[in-house]
Amino acid sequence: MIQTLNRHKTIWLKYDLPAGLSVFLVALPLCLGIALASGAPLYAGLLSGIIGGLVVSIVSGSHLAVSGPAAGLTTLVAASIISLGDYRVFLLAVMVAGLFQVVLGVLKLGTIANYFPSSVIKGMLAAIGVILVSKQIPLALGYDQPDFWTSGFPQLFTSGHFLGSIQNFYEHTTEGAMLITGISLLLLVLLQHPIAKKLKVIPAPLVVVIVGIILNIILSGNGSALSLKESQLVHIPSDIFASMVFPDFSKLFANADIWKDGLIIGLLATLETLLCIEAVDKLDVHNRITPVNRELIAQGIGNMTCGLFGAIPLTAVVVRGAANVDAGARSKLSAFTHGLFLLLAVATIPFILNKIPYASLAAILLITGFNLTKPKLYRNMWSLGTKQFVPFLITIVVI
């Protein structure tokens, strides 16, 4: 028994602790960015990452997968928050989603992903990519009006007033935000180069966040006109746990949309998780296979916990799972460790997180969205013929 504990301790110190730290550095900016894209409180994304690390990893049978808020759910989450009209009511839908996943797992329906055409799944992810990019463009430009796509952008093409429209548009953008966005995008592209990846430098999203903070401090310190406004910086409560919002259980049966949204979120989260688990299992050098039904139960418990404590829904996430494998993780302790680091960051350094520019997060999400909807994907689907391309395109248009 003592020998086994010592062996696990050695593995954790040598492999899972550094891997958990590496995944934490990837997850921190993504948790904030995905909450931003979802129209939820920023701390809700961090709570989702914490729950993914501390709760899901314990129940899950996966050795290498890491759970947290996912870009693939942003569109659905944003629409649900708006349609339900109250974040506390939306949290009920998250709990319903979790309950749905637990039921799927108990009934051993983990093979559900096999019944969805790959063209539809790819179309769904591509549509999410398009919407993700479109939602980040105003933040990337530092646009300070609420109606960028309905009024601000179309005004550029009004006949007879082109120059005036450009001037009006320019007055509502922020040069400092555009500068930070441009540098951030350049860094993200450069750090995707194979040479940069081989060097295993600090994760690209974290580099972008650090550079964004430094740039804004320099601009603000010099009293530059390029410095960002307070509204263009992340704002996380100094005591996140005192600011948590909880579900309004009195409304559980008052609105059928709660159950409808919950089932849709649960289904989409299930598909994304199962696709992620399949991808991460293929990266495992020890060829370990994750029990999918147990994974659905773990994800369901995680999402019920998210709804209960005011977090946005979670899934297993390919980016975090791949980062975990690349960092040399050996067991689920790495995912648990990354959750501990997120908890410590929220509890001890919110004042540093509040210096992060939205422009930096927008740049990260622009690249994330672009990766979901690359032109190469459309060419590949077209090459497979109309039986694949038509459902793919219809899915994008409908979403």
Long-range neighbours under 8 Å by Cβ, at least six apart or interchain, first residue over 14 Å from Ile394 (Cβ atoms) within the stretch 114-137, second of a type in the set (Val, Ile, Thr) and open to solvent by 50 Å² or more (accessible area, probe 1.4 Å): Ile128/Ile399; Ile131/Ile399
Selection within the stretch 356-377 - over 29 Å from Gln299 (Cβ atoms) and surrounded by fewer than 16 Cβ atoms within 10 Å (Cβ to Cβ): Pro375, Lys376
Matching residues, the stretch 221-264, being of a type in the set (Lys, Arg) and either modelled with pLDDT under 90 or not in a helix (DSSP H, G or I) (or both): Lys229
The one condition in (1) at pLDDT below 90; (2) assigned to a helix (DSSP H, G or I); (3) more than 30 Å from Leu344 (Cα to Cα); (4) open to solvent by 50 Å² or more (accessible area, probe 1.4 Å) that Leu156 fails to fulfil: (4)
Positions within the stretch 378-399 being among the aliphatic types (A, V, I, L, M) and open to solvent by less than 90 Å² (accessible area, probe 1.4 Å), in sequence order: Met381, Val390, Leu393, Ile396, Ile399
Qualifying positions in the stretch 303-336 - within 12 Å of Ile51 (Cα to Cα), under 19 Å from the mean Cα position of the chain (by Cα) and not small (Gly, Ala, Ser): Asn303, Met304, Thr305, Cys306, Phe309, Ile312, Pro313, Leu314, Thr315, Phe336
Given (1) of a type outside the set (Ser, Thr, Tyr); (2) under 25 Å from Pro203 (Cβ atoms); (3) in a helix (DSSP H, G or I), number of the condition His63 does not satisfy: (3)
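Residue by residue, here is whether (1) among the charged types (D, E, K, R); (2) open to solvent by less than 40 Å² (accessible area, probe 1.4 Å) holds:
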{"position": "Pro247", "(1), (2)": "no, yes"}
{"position": "Leu267", "(1), (2)": "no, no"}
{"position": "Leu274", "(1), (2)": "no, yes"}
{"position": "Glu278", "(1), (2)": "yes, no"}
{"position": "Arg288", "(1), (2)": "yes, no"}
{"position": "Ile301", "(1), (2)": "no, no"}
{"position": "Leu308", "(1), (2)": "no, no"}
{"position": "Ala316", "(1), (2)": "no, yes"}
Matching option when the condition is at pLDDT below 80, under 29 Å from Leu25 (Cβ atoms) and open to solvent by less than 60 Å² (accessible area, probe 1.4 Å), among Ala177, Ala204, Ala196: Ala196
Hey, Ile264 touching a residue at least 12 places away in the same chain (Cβ under 8 Å), out of contact with any strand residue (DSSP E or B) (no Cβ under 9 Å at 6 or more places or on another chain) and not aromatic (Phe, Trp, Tyr) or not: yes
Residues satisfying the stated conditions in the stretch 309-330, i.e. more than 12 Å from Cys276 (Cα to Cα), among the aliphatic types (A, V, I, L, M) and either modelled with pLDDT of 90 or more or not in a loop (DSSP other than H, G, I, E, B) (or both): Ala311, Ile312, Leu314, Ala323, Val325
Any hit, the stretch 92-100, residues being open to solvent by 10 Å² or more (accessible area, probe 1.4 Å) and in a loop (DSSP other than H, G, I, E, B): no
Filtered residues of the stretch 231-243 (kept if under 13 Å from Ala177 (Cβ atoms) and surrounded by fewer than 14 Cβ atoms within 10 Å (Cβ to Cβ)): Ser231
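The values are calculated or read from the model by the stated rules, or taken from the named source; none is laboratory data. Keep in mind that this is a model prediction, so the values were computed, not measured. So basically every Cβ, Gly included, is an ideal-geometry build from the backbone, and we count neighbours across all protein chains shown. Ligands, DNA and RNA are stripped out before the accessible areas are found, and what is left, the full protein with its side chains, is counted by its heavy atoms. Shrake-Rupley method; radii C 1.70, N 1.55, O 1.52, S 1.80 Å.
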